[in-house]
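Enquirer: First the structure, then my questions, so here it is.
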Amino acid sequence: MSSLIVAGRSLVRRPSFAVTAVLTLALGVGATTSMFSVVDAVLLKPLPFPDADRLVTVMEANPAKSQKTSLIAPVRLEDWNRQNRTFEALSASYSENVTDTSEAEPRRLAGRRLAPRYFDVFRMAPLIGRTFTPDEERFGGPRAVVISEGFWTERYGRSPAAVGRGLIIGGLGYVIVGVMPATFTSAAIDVWIPAQTPPGILRMREARFLNGVGRMKAGVTVDQATADLARVQQALGEQYPASDRGWSASVWDQKAFRVGAYEEPLWLLFGAVGLLFTIAMANIAGLMLVQLHRRARELSIRQAIGASRLQIVGAVMREVLIISVAGSVGGTAVASWLVTLFAKTFAAVPRMNELALDWRVLAFSVTATSGASVIFGLWPSWHATRGNLMPFLAQGDRRSSGMRHRLQELLVVSQIAFSIVLVASAGLMLRSYYNLGHVSAGFSPDHAITFHVGARWDEDRARVGQMQERLVAELQQLPGVVAAGMTNFLPASAATLRYQIALQGISTTDDNGKITVGERTVSSGYLRALSVPLVAGEWCPPLHYDFKAPPKALVNRAFSERYGSDVIGRHFRFDQFGTDHEIVGIIGNLIEDGPATSPVPYVYACESAGSWPDPDYVVRTEGDPRAAMATIRGIVRGLDPNRPIFGVKMLEDVIAGSLDQPRVSAQVLTLFAAAALALASLGLYSLLMLLVSERTRELGVRIALGAQPAQVVRLVLSGAGRLFAGGMGAGLLLTLAAARVLRAALFGVSPLNTVTISAAVIVLALVVMAAAAIPAARAAAIDPIEAMRAE
């Protein structure tokens, strides 16, 4: 204990070094540990279910179509479940937001409708209560719901008495039977409700709307399960040729299906953080070498009075131990804060609801800190004490000055190389984000607001349609309203709907003579509320509740460019539906599938009011549309006081939300690049200060013999320039190697963009020169008389 006190006093006498080392270690450990937490939670840990490796995602598949996979029809799901040989259970679900009117104010709840056996597939026990019984899953059975842990906490304060309470959904009472833990799903779901699919839907083999999940039997592989379902579907194709022939099944490991798109970006970020950690440790090692050189006389005196090399190294390592403990404690605090920040910032990333500092992460932190201690403590102290220290009492150890810093020079070159990669990558990501933000949306989002009005899919369509017709008509009559309408999905909302259509006068060899198009259901006022240009023809007819009216549609410019500018007046038919639609107009291209996706043919179906019960309403005003929301709420209450308004957003915010992921990626990588620049400059500064300290006598002699201060400055800066040149060469090679990974994350800019990479090199050159300025100035100010006396 007394030796640790002595080590602590030694560090107190050198506060700048101690504080810099502790902060650098804390930031390095904190950033690396928190990023490892993300990688561990999302990519490394198995899904939080019993025997999670047997869970799969199941879809229908048709190799003959350009859209290879499809959702599952309920009747086909039951066929697969009965006839397969490789699954313990197959189930499915679909999203359906619902309105709860059990309290004074109606509330919109994020819901999920479940096919039978859904909870049996996952086998996760509820926090309290139970999941659904077979009776509750069949059509006409008792009405029950399972709620999420978040909803349970918010509304019921985590009271066990919540089980048995009731919700009123669509005017019908549902009993809460259980609460699922937050780790069950990363989606924002409030309630799970049995689908209780009606017999009529169970006979419709074309009604594909379920997302399938399954639990394979023990020992079964994904390939075997796929082949088994393909066998079942082939038999169904022979039995039902009109609907099932040519269809098969696709099976994916569920973990890979959930996180596949995020795997490469997360490993890239973790690699960037790992580089920063390596740079941080190299810098602390450099600072330690500077300190040991300044303490050379002290260490020589210790040796002179009988201390062995091992004892001297032990004394230094006790100081390192104090720095490591302080740094690890600070790093754990930083990691805890960053984990909380990441959970909020990256909420859209799958499995982020499972993010936490657990024993794996703490073990990683301890291992990282221990390894860092060896790197920045043992090596410098062992290197500095090699051989006989006595010559330091008489003269500098010039015999090995070239060799003793070779490794540190290599570390500085590596820091510069890694910094070039990170700065160039950050620049590329920022340019990519800029390009995405400046893609022509095809419409004007300013002065427009969007919202939802609660309505159920199983509600009487006449009632819903009449409400929608009256609501849109009253909205259009409000003072200051330019246009108002509705759509099934807003642009850039990640709703990539694809349908097969047969177009009059067009024959194609693709997809069995069908055309693949995107689809939106719209009213005429919606397109005008977006200020979409009408290229040719006319708008949709005014919105009315009339399912017998001849359906009409508009198409986008990409459709007319591919299939002819004379498409107006032609008819098409959806493969899934039997009604002909007449094309009455052509509009400009909208970024329906997001700003990073090139426009594809889209049809805009002008359907009857009530055809889509839960649309996005859009209102464009002359001024700030938020000022009109109070009036809009009053109109909705006047039409139906039990219908909630929810999801109120400015249209500009909706479009900006589509850029959240690239914006966050660019910001995080920029933060890493800034940290890398700071660390690289610190490493170069410590190395040059060490070299200047060691060469004080030499530089003093040069000045005494007539060397000008500018010549001394050039001598130091030339050394920094050589290191920068080596680092730049290595950095450019690393940037070239990283191009393949970066290409997938960029939009509108090449991963080898010359301007961006050149800018990164220039920025690094300026940082290197700034870091070298202080050591160079110190060298130029050396007093030759004092330098000789010091030696």
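Enquirer: What single numbered condition from (1) part of a helix (DSSP H, G or I); (2) at pLDDT below 80; (3) over 22 Å from VAL313 (Cβ atoms); (4) not acidic (Asp, Glu) fails to hold for TYR434?
Expert: (2)
Enquirer: I'm trying to understand the selection: among the residues of the range 609-649, which are among the polar types (S, T, N, Q) and touching a Pro at 6+ places or on another chain (Cβ under 8 Å)?
Expert: Our first condition is that a residue be among the polar types (S, T, N, Q); within the range 609-649, this holds for 611, 621, 631, 642.
Within the range 609-649, just ASN642 meets the criteria.
Enquirer: Is it the case that VAL648 is outside the structural domain of TYR545 (by TED's automatic domain parsing), farther than 20 Å from TRP539 by Cβ and in contact (Cβ under 8 Å) with a residue 60 or more places away in the chain?
Expert: yes
Enquirer: Now a separate question. So is VAL567 more than 28 Å from the chain's Cα centre (by Cα), farther than 30 Å from ARG456 by Cα and buried (at least 19 other Cβ atoms within 10 Å of the Cβ) or not?
Expert: Details: more than 28 Å from the chain's Cα centre (by Cα): yes; farther than 30 Å from ARG456 by Cα: yes; buried (at least 19 other Cβ atoms within 10 Å of the Cβ): yes.
So VAL567 fits the description; yes.
Enquirer: Here's something else I'd like to know. Quick one: what pairs do we get from the range 201-222, first residue touching a residue at least 12 places away in the same chain (Cβ under 8 Å), second of a type in the set (Asp, Glu), C-beta under 6 Å, 6+ apart or different chains?
Expert: Close Cβ pairs (under 6 Å, with a partner that is of a type in the set (Asp, Glu)) amount to ARG215/GLU88; LYS217/GLU88; VAL222/ASP253.
Enquirer: Among the residues of the range 93-116 satisfying the criterion of being in a loop (DSSP other than H, G, I, E, B) and in contact with an Asp or Glu (Cβ under 6 Å, 6 or more places away or on another chain), which is modelled with the highest pLDDT? Explain how you work it out, then say what you get.
Expert: First, pick out the residues of the range 93-116 that are in a loop (DSSP other than H, G, I, E, B): 96-97, 101-106, 110, 115-116.
Going one step further and asking which of them are in contact with an Asp or Glu (Cβ under 6 Å, 6 or more places away or on another chain), we end up with 110, 116.
Values: ALA110: 87, PRO116: 96.
Ranking the candidates gives PRO116 first.
Enquirer: Moving to a separate point now. Which of the residues belonging to the range 117-142 are on the phi > 0 side of the Ramachandran plot and either of a type in the set (A, V, I, L, M, F, W, C) or not in a loop (DSSP other than H, G, I, E, B) (or both)?
Expert: Initial filter on the range 117-142 (on the phi > 0 side of the Ramachandran plot): 117, 123, 129, 140.
Selection gives GLY129 alone.
Enquirer: Could we say that PRO181 is at pLDDT 90 or above, under 27 Å from the mean Cα position of the chain (by Cα) and surrounded by 15 or more Cβ atoms within 10 Å (Cβ to Cβ) here?
Expert: Here the answer is yes, as PRO181 does meet what is asked.
Enquirer: To continue, here is another question. Just wondering, is there one or more residues in the range 273-293 that are hydrophobic (A, V, I, L, M, F, W, C) and surrounded by fewer than 17 Cβ atoms within 10 Å (Cβ to Cβ)?
Expert: No - not one qualifying residue is present in the range 273-293.
Enquirer: Another question about this same structure. Say whether the condition of being closer than 29 Å to ASP460 by Cα, in contact with a Lys or Arg (Cβ under 6 Å, 6 or more places away or on another chain) and among the aromatic types (Phe, Trp, Tyr) is met by at least one residue in the range 145-164.
Expert: no
Enquirer: Suppose we filter ALA609, ALA553, ALA596 for residues that are under 18 Å from GLY465 (Cβ atoms) and of a type in the set (A, V, I, L, M); which single one remains?
Expert: Unique residue meeting the criteria: ALA609.
Enquirer: (1) of a type in the set (A, V, I, L, M); (2) out of contact with any helix residue (DSSP H, G or I) (no Cβ under 9 Å at 6 or more places or on another chain); (3) assigned to a helix (DSSP H, G or I): which one isn't true of MET429, the others all being true?
Expert: Of the numbered conditions (1) of a type in the set (A, V, I, L, M); (2) out of contact with any helix residue (DSSP H, G or I) (no Cβ under 9 Å at 6 or more places or on another chain); (3) assigned to a helix (DSSP H, G or I), the odd one out for MET429 is (2).
Enquirer: Filter the helices (runs of 4 or more DSSP H) completely within the range 196-281 down to those with at least 2 residues that are assigned by TED's automatic domain parsing to the domain that holds GLY28 and in contact with a His (Cβ under 8 Å, 6 or more places away or on another chain).
Expert: none
Enquirer: Quick check on this structure: which one of VAL290, VAL313, VAL325, VAL320 is aliphatic (A, V, I, L, M), at pLDDT below 70, in a helix (DSSP H, G or I) and more than 30 Å from PRO46 (Cα to Cα)? First the steps, then the outcome.
Expert: Details: VAL313 fails: at pLDDT below 70; VAL325 fails: at pLDDT below 70; VAL320 fails: at pLDDT below 70.
Unique residue meeting the criteria: VAL290.
Enquirer: In the range 577-612, what residues are within 34 Å of the chain's Cα centre (by Cα), surrounded by fewer than 20 Cβ atoms within 10 Å (Cβ to Cβ) and not hydroxyl-bearing (Ser, Thr, Tyr)?
Expert: Of everything in the range 577-612, those that are within 34 Å of the chain's Cα centre (by Cα), surrounded by fewer than 20 Cβ atoms within 10 Å (Cβ to Cβ) and not hydroxyl-bearing (Ser, Thr, Tyr) turn out to be GLY588, GLY594, ALA596, PRO599, VAL600.
Enquirer: Determine whether THR579 is within 27 Å of ILE449 (Cβ to Cβ), hydroxyl-bearing (Ser, Thr, Tyr) and free of Cβ contacts under 8 Å to residues at least 60 places away in the same chain.
Expert: no
Enquirer: Separate question: Could you list all residues from the range 730-771 that are without any contact (Cβ under 8 Å) to a residue 24 or more places away in the chain and either crowded, with 19+ Cβ neighbours inside 10 Å or assigned to a loop (DSSP other than H, G, I, E, B) (or both)?
Expert: Of everything in the range 730-771, those that are without any contact (Cβ under 8 Å) to a residue 24 or more places away in the chain and either crowded, with 19+ Cβ neighbours inside 10 Å or assigned to a loop (DSSP other than H, G, I, E, B) (or both) turn out to be SER750, LEU752.
Enquirer: Hey, another quick one. So GLU60 passes all but one of these: (1) closer than 18 Å to TRP457 by Cα; (2) touching a residue at least 60 places away in the same chain (Cβ under 8 Å). Which condition number does it fail?
Expert: (1) is the only condition that GLU60 fails.
Enquirer: Further question on the same structure: Of THR369, THR340, THR385, THR345, which residue is in the same structural domain as VAL668 (by TED's automatic domain parsing) and at pLDDT 75 or above?
Expert: THR340
Enquirer: Could you tell me whether any residue of the range 525-534 is under 22 Å from GLU592 (Cα atoms), of a type in the set (Lys, Arg), at pLDDT 90 or above and in contact with a Lys or Arg (Cβ under 8 Å, 6 or more places away or on another chain)?
Expert: yes
Enquirer: Tell me, please, whether a residue that is modelled with pLDDT of 80 or more, assigned to a loop (DSSP other than H, G, I, E, B) and not small (Gly, Ala, Ser) can be found in the range 448-462.
Expert: Checked against the condition, which is being modelled with pLDDT of 80 or more, assigned to a loop (DSSP other than H, G, I, E, B) and not small (Gly, Ala, Ser), the range 448-462 yields at least one hit.
Enquirer: Of all residues in the range 143-176, how many are assigned to a strand (DSSP E or B) and in contact with an Asp or Glu (Cβ under 8 Å, 6 or more places away or on another chain)?
Expert: Result for the range 143-176: 6.
Enquirer: Any residue in the range 10-20 that is in contact (Cβ under 8 Å) with a residue 60 or more places away in the chain, surrounded by 16 or more Cβ atoms within 10 Å (Cβ to Cβ) and part of a strand (DSSP E or B)?
Expert: No, the range 10-20 contains no residue that is in contact (Cβ under 8 Å) with a residue 60 or more places away in the chain, surrounded by 16 or more Cβ atoms within 10 Å (Cβ to Cβ) and part of a strand (DSSP E or B).
Enquirer: For the range 536-550, give me each residue that is touching an Asp or Glu at 6+ places or on another chain (Cβ under 8 Å) and surrounded by fewer than 21 Cβ atoms within 10 Å (Cβ to Cβ).
Expert: Of everything in the range 536-550, those that are touching an Asp or Glu at 6+ places or on another chain (Cβ under 8 Å) and surrounded by fewer than 21 Cβ atoms within 10 Å (Cβ to Cβ) turn out to be HIS544, TYR545, PRO550.
Enquirer: Related question: Residue check: is GLN234 out of contact with any Gly (no Cβ under 8 Å at 6 or more places or on another chain), modelled with pLDDT of 95 or more and surrounded by fewer than 20 Cβ atoms within 10 Å (Cβ to Cβ)?
Expert: no
Enquirer: Looking at ILE305, ILE312, ILE301, ILE323 in this structure, which one is more than 30 Å from ALA666 (Cα to Cα) and in contact with a Leu (Cβ under 6 Å, 6 or more places away or on another chain)?
Expert: ILE312 is the lone residue from the list that is more than 30 Å from ALA666 (Cα to Cα) and in contact with a Leu (Cβ under 6 Å, 6 or more places away or on another chain).
Enquirer: Considering only the range 151-174, state which residues are surrounded by 15 or more Cβ atoms within 10 Å (Cβ to Cβ) and closer than 18 Å to ARG112 by Cβ.
Expert: Across the range 151-174, the qualifying residues are PHE151, TRP152, ARG155, LEU167, ILE169, GLY170, TYR174.
Residue-by-condition table, conditions (1) of a type outside the set (A, V, I, L, M); (2) within 36 Å of the chain's Cα centre (by Cα); (3) modelled with pLDDT under 80:
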residue: VAL668; (1), (2), (3): no, yes, yes
residue: ARG695; (1), (2), (3): yes, no, yes
residue: MET728; (1), (2), (3): no, yes, no
residue: ALA737; (1), (2), (3): no, yes, no
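The values are calculated or read from the model by the stated rules, or taken from the named source; none is laboratory data. Treat the numbers as computed from the prediction; the structure is a model and nothing was measured. Note that we place each Cβ from the backbone using ideal geometry, even for glycine, and neighbour counts take in every protein chain shown.
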